[in-house]
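Reading through the C-alpha cells given below for one structure.
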Amino acid sequence: MSETEKPLLKVEGLVKHFPIKKGLLQRQVGAVKAVDGIDFDVRTGETLGVVGESGCGKSTMGRLITRLIEPTGGKVEFDGKDITHLGTGGLRPLRRDVQMIFQDPYGSLNPRHTIGTIVSAPFRLQGVEPEGGVKKEVQRLLELVGLSPEHYNRYPHEFSGGQRQRIGIARALALKPKLVVADEPVSALDVSIQAQVVNLLDDLQAELGLTYVIIAHDLSVVRHVSDRIAVMYLGKIVELADRDSLYKAPMHPYTKALMSAVPIPDPRRRAAKSERILLKGDVPSPISPPSGCRFHTRCWKATEICKTQEPPLLELKPGQRVACHHPENAEDQAPQDTVLLSAAADAIEVVTVGGAEPGAVSVPGPASEPDPEAEAAERTAKPSADDAAMASAGTGTETETETVSAGEASPGPSAEQSAERSAGEEPSGPEASESEPSESEPSESEPSAEKPAKE
C-alpha cells in the first residue's frame, strides 16, 4: 500500500466501558474498562492478528469495529466513512462489507434451522438475489469452504466442530465482504482441524482478496496467517509491528514474555537452550487498572516513571510501534529513570528450557553414572538383607564364624518357644531383646551365656 492510500479500516482512541450499576435506583458505581483507547489501521488485502491474555479486550474490540456494540468513545472509519455512531438504517448497507466469524461454532448456528436457511440468511436480510438463485449460490459457498452441496438440507447437530466452523465461514462470505473479523476461529477445534480452517482462510483471501482481522490466543497460528500483529494488554495495545520484526526482536517486555512461551517444533533445535519468562501474579482488574503503564505491576524493568506516566504508542523502528518507557531491542525512552521499583525484582521467574544433547537421556539427581568402587565399598561396610538372613540361618558366613568363635551364637527357636509364640506370649531370649529392647530385659550377651546352662 502506498503512503497516500487510505487504509480500509482506521481506529482512533476507541473506548468501551461497561457500566457497573447497584442499588434500587441502579446507579452507576464503576465501569469495566474493556477497551480503553486503542489506535490502529488495517490496509486493504492484509491480515492483522490480535493477541493477548484472556480478558484483555480482544473480542470486545472485534465487536466494536463491526458495530455489534456501541462504543463509549473514539472513532472508527471504514473505507473513508465514519461508522462510529451509525443508526440501524446506516448499518444495514455496511453489513455487506463487514462480516464476522464467531468464536463458538456450536453457539453461532441456530439448531432449528437447516444449513441452507442459515447460509442464505444474509441474502434474505439484505434483499439480494444472487445470479442462478439462492440455493445454487448457497451450494457453491458450501463447496467453496470444503463441504458437500448435499449438506444443504441438514441441521447443525449433524456436523462436527470443524464443519460447523466452515458453515460459519460460508455465511460470512455470502455477501462478498471487504473486511472479515474472525474472533478466535480455531480455538474450539483440535489441531488437525485448526490447520484445515487456517489454510482455508488463506486460500479464500488469495482467491477473493479479503482483508482479515484475526483474534487468537495461539501465537503460532497468528504468526502463520498474519502480516502485522497487535499485542493487547488490559484494554491497551502495547505493541504493533509486522510479523517478522515482532517475533525476531520484540520491544515490549510483555511481548517478550509471550514470545518466550512459544514452543519451537524443530527436533534439530532440541539441544538449544532457551529462557522461559514466567510472569508472576494475575492480570489486574479492568475495573481499576493500575496507574501509568498498566504492565508495571508484572514488569521486571518497571521504574517510578512507569508507575506515574502512561507511555504513548510510538514508532521506534520502521513499522514497529511500542508503548514502553524502557523497551527491549531499542533506545531507552527514559534513561534518567534507572531505579527499579521494589516489585520489579520479584515480578518474573526465568526458567531455562532445553540444553540436552540430541539422543541423551536426562537422569535425575546430581550423579549421572553409578560408581562401581563406591557400590562395592558400601556393600562391604553394610551387608545386604540376604547376607543378614544367611547369617541368622547359620550358613557359614564370616560374620557367623566370628560370632560362634566368640561364644555368642544362639540356636534357633525350640518347639516350646514356638508354642509360646502361637499362644500369644512374649518371646524370650535374644529375639525379644532384638525386637523390643528395654532396661529390664537382659542384654544380647547375657542370653547367649545362659542358654547352655538351661539346656
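A few remarks follow.
- The set of residues from region 13-63 being touching a residue at least 24 places away in the same chain (Cβ under 8 Å), in contact with a Lys or Arg (Cβ under 6 Å, 6 or more places away or on another chain) and of a type in the set (A, V, I, L, M, F, W, C) comprises ALA34, VAL35, LEU48, VAL50.
- Top-ranked residue of region 199-217 - restricted to ones that are surrounded by 20 or more Cβ atoms within 10 Å (Cβ to Cβ) and of a type in the set (A, V, I, L, M, F, W, C), ranked as farthest from PHE123 (Cα to Cα): ALA216
- Flag if ALA249 is small (Gly, Ala, Ser) and crowded, with 18+ Cβ neighbours inside 10 Å: no
- Test result for GLY132, under 20 Å from THR66 (Cα atoms), without any contact (Cβ under 8 Å) to a residue 12 or more places away in the chain and out of contact with any Ser or Thr (no Cβ under 9 Å at 6 or more places or on another chain): no
- Some residue of region 261-277 being outside any strand (DSSP E or B), within 21 Å of LEU313 (Cβ to Cβ) and either within 19 Å of the chain's Cα centre (by Cα) or not hydroxyl-bearing (Ser, Thr, Tyr) (or both): no
- Selection from region 118-133 of residues that are crowded, with 17+ Cβ neighbours inside 10 Å and either at positive phi or among the aliphatic types (A, V, I, L, M) (or both): ILE118, VAL119
- With respect to being farther than 22 Å from ILE287 by Cα and either of a type in the set (A, V, I, L, M) or over 29 Å from the mean Cα position of the chain (by Cα) (or both), ASP79 fits the description.
- Number of residues in region 147-163 that are buried (at least 17 other Cβ atoms within 10 Å of the Cβ) and assigned to a helix (DSSP H, G or I): the value is 5.
- Enumeration of residues in region 282-310 that are in contact with a helix residue (DSSP H, G or I) (Cβ under 9 Å, 6 or more places away or on another chain) and in a loop (DSSP other than H, G, I, E, B): PRO290, SER291, GLY292, CYS293, PHE295, HIS296, THR297, ARG298, CYS299, TRP300, LYS301, ALA302
- Which listed residue is over 29 Å from GLY13 (Cβ atoms), touching a Gly at 6+ places or on another chain (Cβ under 8 Å), small (Gly, Ala, Ser) and in contact (Cβ under 8 Å) with a residue 40 or more places away in the chain, from SER274, SER220, SER245: SER274
- Test: residue in region 296-317 that is of a type in the set (Val, Ile, Thr), modelled with pLDDT of 80 or more and under 27 Å from ARG228 (Cβ atoms): no
- Among the strands (runs of 3 or more DSSP E) confined to region 19-117, there are none with at least 2 residues that are of a type in the set (Lys, Arg) and surrounded by 15 or more Cβ atoms within 10 Å (Cβ to Cβ).
- Residue in region 287-295 that is of a type outside the set (A, V, I, L, M, F, W, C), surrounded by 13 or more Cβ atoms within 10 Å (Cβ to Cβ) and within 21 Å of ARG223 (Cβ to Cβ) present: no
- Per-region count, region 188-198, residues hydroxyl-bearing (Ser, Thr, Tyr) and crowded, with 20+ Cβ neighbours inside 10 Å: 0
- A residue that is in a loop (DSSP other than H, G, I, E, B) and within 24 Å of the chain's Cα centre (by Cα) occurs nowhere in region 311-322.
- All conditions in (1) at pLDDT below 95; (2) closer than 26 Å to PRO7 by Cβ; (3) outside any helix (DSSP H, G or I) hold for TYR212, with the sole exception of (1).
- Residue tally, condition more than 30 Å from PRO19 (Cα to Cα), free of Cβ contacts under 8 Å to residues at least 40 places away in the same chain and of a type in the set (S, T, N, Q), over region 304-336: 2
- Flag if LEU234 is closer than 30 Å to ASP203 by Cβ, surrounded by 18 or more Cβ atoms within 10 Å (Cβ to Cβ) and of a type in the set (A, V, I, L, M, F, W, C): no
- Region 323-344, subset among the aliphatic types (A, V, I, L, M) and not in a strand (DSSP E or B), residue surrounded by the most Cβ atoms within 10 Å (Cβ to Cβ): ALA323
- Among residues of region 164-187 that are crowded, with 23+ Cβ neighbours inside 10 Å, those with a beta-carbon under 9 Å from a residue that is part of a loop (DSSP other than H, G, I, E, B) and of a type in the set (D, E, K, R) at least six positions away or on a different chain give the pairs VAL186/ASP218.
- Residue match in region 85-107 (condition: under 29 Å from the mean Cα position of the chain (by Cα) and of a type in the set (A, V, I, L, M)): yes
- Any chance VAL134 is farther than 28 Å from GLY49 by Cα and modelled with pLDDT of 90 or more: yes
The values are calculated or read from the model by the stated rules, or taken from the named source; none is laboratory data. What you are looking at is a predicted structure, and each value in this text was computed from that prediction instead of being measured. Heads up, the Cβs are rebuilt from the backbone with ideal geometry, glycines too, and the neighbour counts pull from every protein chain shown.
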